[in-house]
Structure formats: C-alpha cells, structure tokens
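Okay, structure first, notes after.
The values are calculated or read from the model by the stated rules, or taken from the named source; none is laboratory data. Quick caveat, the model's predicted, so the values are computed rather than measured. Don't worry about glycine lacking a Cβ; one is built from the backbone with ideal geometry, like all the others, and counts go over all protein chains shown.
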Amino acid sequence: MMIVMKPEATEEQIAAVADRVRSTGCSAHVSTGEVLTVIGAIGNRDRVQALGLEGVAGVDHLVPILKPYKLASSQFRKGERSLFEVDGVEVGGGHLTLIAGPCTVEGRDQVLEVARCVSDAGASMLRGGAYKPRTSPYSFQGLGREGLRLLQEAKRQTGLPVVTELLDVRDVEDVAEVADVIQVGARNMQNYNLLTEVGRSDCAVLLKRGLAATLEELLMSAEYVLKEGNERVILCERGIRTYERSYRFTLDLLAIPALREMTHLPVVVDPSHAAGRRDWVGPMSMAAVAAGADGIIVEVHNEPDAAICDGPQALATEEFAGYVQQLGAVSAVAGRETAAAV
C-alpha cells in the first residue's frame, strides 16, 4: 500500500502515519520527492486499510501497489524517477553516469594508470574488481584486500568514487570501507542473503541482471536491498544468455525502456560483458544511451592484450577519450550531460 501525503504535510504528521503503519507489524518506507512524500506500507494490506488513514492529518490518499515488487515499482514514486548522489556524483535525473576502469585490479601501476586515464577523459566513477567470480576455480580470483587498498589509493589520486564487486557476506565490511558503490554481479543477483547485507550498508548498490533472469526477477532482487532501507540502487543490463552464439551474450536493449516504465530506479548498461569484443563496445554504448540508459559501465585497460581476464572486451586507455567524445555526442542529442565527479 502506498500512502500519499499532502504537499503541506509536516514532518510530525509524516512520522505519526509511519508509526501507525509500523504498529500493525508492517514496515513503513518514507520517500520524499520534490513535491510529495510517499510512505510505502509493506506487509498485510488489510491491516493497513483497517487503520482508516483516509482523512488523517497530512494524508492525501492511499494507492494499492499491485506489483509484487513494491518499493522498486514506478507506482511508489508516482512516476518520479530516482535521483541520488554517490560521493558528489549524481545518478539518474537526466545525467549520464559513466563508470569506467579495469575488469580486475592486477597491480598498482596498472590500476593507477587506468584511473588517471578515465578521470582525465571525464568518467564519473572508477570500476575495478578486487574479488572476481570466475567460471573456473583455477582462474585468477582477484587480489582481494590488496586490490581494495589499490582502489582506495586510486580514489585518493583521482577523486573518482569506486565501484567494486562483493561476492561473499564475510567481506561486506572490508568492501564497504572502500567502495562507494557495491556491485552485485549477475551470478549473485538472487543471492538473497548477500542482497540483504548490502541493503544494510551505507553504500549505493549496482545490481546486475542475471544471465537468465526476467526483468521482474531483477526487480524482486532489488526489493531485497530496498526493504532494508537502502534506496540507492542502480540496475544494470549486462546481456542475457540466449541461443545465439555469434557474440558473448545478447544485450537486451529493450530492457531499458521496459525498466524505465516498470521502476523508478536508474538503469545502466554494461556493453563490455555483452559484446565480448572491444570493437562492438562503442556501437552498443551509443545504442544504450539512445535507448534511454542512465549510465554506462565499461572496461578499460592500459594493456588489454596482456590483461589477466576479459582483455578482448576492454577498451585501450589511448582510445578511451575518443570513446567518451562519441558518447557525449549521443548524450547531447538525447538532451543529457555526463555526470562528472566533483
């Protein structure tokens, strides 16, 4: 149930309604927009209706949320899209967030060189994997805590917020100490214990769509984060597994307008993992921006041919500035500008 408060509702009235909702055993999630404040009552709808909130001071009207994903639903914010900051960088709200960096942190010189490159070219955030989920148990699994330390050093030098992946609930504290955005990868999209833990953190969350997940399943996973009180959730389309074998994954560009209709959460696209080839990353990035994506997360490496993992899909540092210029041209046509770190 969504309780829409009047524009002139006071903080005391909002708090009183939220307390009444909680008294039924339901949870109350308060979301304040530019004009209206909405209280999401999650739990037994009959108990909330029995409170007789219509006519209570500050309440405008009640709206049932029919979707199984309540807090992620576009209904929850009355069509208003989420806009939030990550360490000074705006996400959503018409800005294009460009997240760039190496697939994995391989060493100090590598990550600092790439970080300086993407920062100078105008990236919004730095991505880099300290912990890596690999199909083979014998493949490089990441530098772990040393990788986190190097990402922290890269942030100090460039000022870019850090996006890095979390694989295990045992590492939440270590990752959250460094990360501004915790990435939950495709293989962990339905790891509900992990989603609950990142929902309790102070970090924004980038949630990647699973290899065979429907959009509704993606939004239900986002709900696990949102219900813990973490409203800064970014959805990521990274390609899904289909019968086609001519490329690594099928980049579902239709997911962008569909999600923008289904949810208020920002939607970013990962063309690197979908394409698997750097020469296809540019065209897919432009297409994603034209389709309405709120951001792009792309892999960049100073020596992609010598990269430990996913080198063929990484843009070379020397071509990244040109890529950003092309992205900016499409963004300008779409009426958006790149959200830079401040």
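Residues of segment 285-301 being touching a helix residue (DSSP H, G or I) at 6+ places or on another chain (Cβ under 8 Å) and either of a type in the set (D, E) or surrounded by fewer than 22 Cβ atoms within 10 Å (Cβ to Cβ) (or both), which ones?
Within segment 285-301, M286, A290, A291, G292, E299 qualify.
Looking at (1) within 16 Å of A204 (Cα to Cα); (2) in contact with a helix residue (DSSP H, G or I) (Cβ under 6 Å, 6 or more places away or on another chain), which is the one condition that is false for L167?
Against the list (1) within 16 Å of A204 (Cα to Cα); (2) in contact with a helix residue (DSSP H, G or I) (Cβ under 6 Å, 6 or more places away or on another chain), L167 comes up short only on (2).
When you scan segment 208-240, how many residues do you find that are more than 12 Å from the chain's Cα centre (by Cα), modelled with pLDDT of 95 or more and of a type in the set (D, E, K, R)?
So the answer is 3.
In segment 286-326, which residues are part of a helix (DSSP H, G or I) and over 18 Å from R127 (Cβ atoms)?
M286, A287, A290, D305, A306, E318, G322, Q325, Q326
Quick test of your reading of the structure: M2 fulfils all but one of (1) surrounded by 19 or more Cβ atoms within 10 Å (Cβ to Cβ); (2) among the aliphatic types (A, V, I, L, M); (3) under 19 Å from the mean Cα position of the chain (by Cα). Name the failing condition by number.
Evaluating M2 over (1) surrounded by 19 or more Cβ atoms within 10 Å (Cβ to Cβ); (2) among the aliphatic types (A, V, I, L, M); (3) under 19 Å from the mean Cα position of the chain (by Cα) leaves (3) as the failure.
Please specify each residue of segment 157-170 satisfying the condition of being part of a helix (DSSP H, G or I) and surrounded by 19 or more Cβ atoms within 10 Å (Cβ to Cβ).
Answer for segment 157-170, where residues must be part of a helix (DSSP H, G or I) and surrounded by 19 or more Cβ atoms within 10 Å (Cβ to Cβ): just T158.
Every residue, every condition in (1) modelled with pLDDT of 95 or more; (2) of a type in the set (D, E); (3) more than 22 Å from T338 (Cα to Cα), yes or no:
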| position | (1), (2), (3) |
| --- | --- |
| V56 | no, no, yes |
| V63 | no, no, yes |
| K67 | no, no, yes |
| E80 | no, yes, no |
| T97 | yes, no, no |
| P102 | yes, no, no |
| D109 | yes, yes, yes |
| D120 | yes, yes, no |
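Among the residues of segment 265-283, are any under 24 Å from L194 (Cβ atoms), over 18 Å from the mean Cα position of the chain (by Cα) and in the same structural domain as G92 (by TED's automatic domain parsing)?
No, there is no match, as no residue in segment 265-283 is under 24 Å from L194 (Cβ atoms), over 18 Å from the mean Cα position of the chain (by Cα) and in the same structural domain as G92 (by TED's automatic domain parsing).
Please specify each residue of segment 121-156 satisfying the condition of being basic (K, R), buried (at least 21 other Cβ atoms within 10 Å of the Cβ) and in a loop (DSSP other than H, G, I, E, B).
K132 - this is the single residue of segment 121-156 that is basic (K, R), buried (at least 21 other Cβ atoms within 10 Å of the Cβ) and in a loop (DSSP other than H, G, I, E, B).
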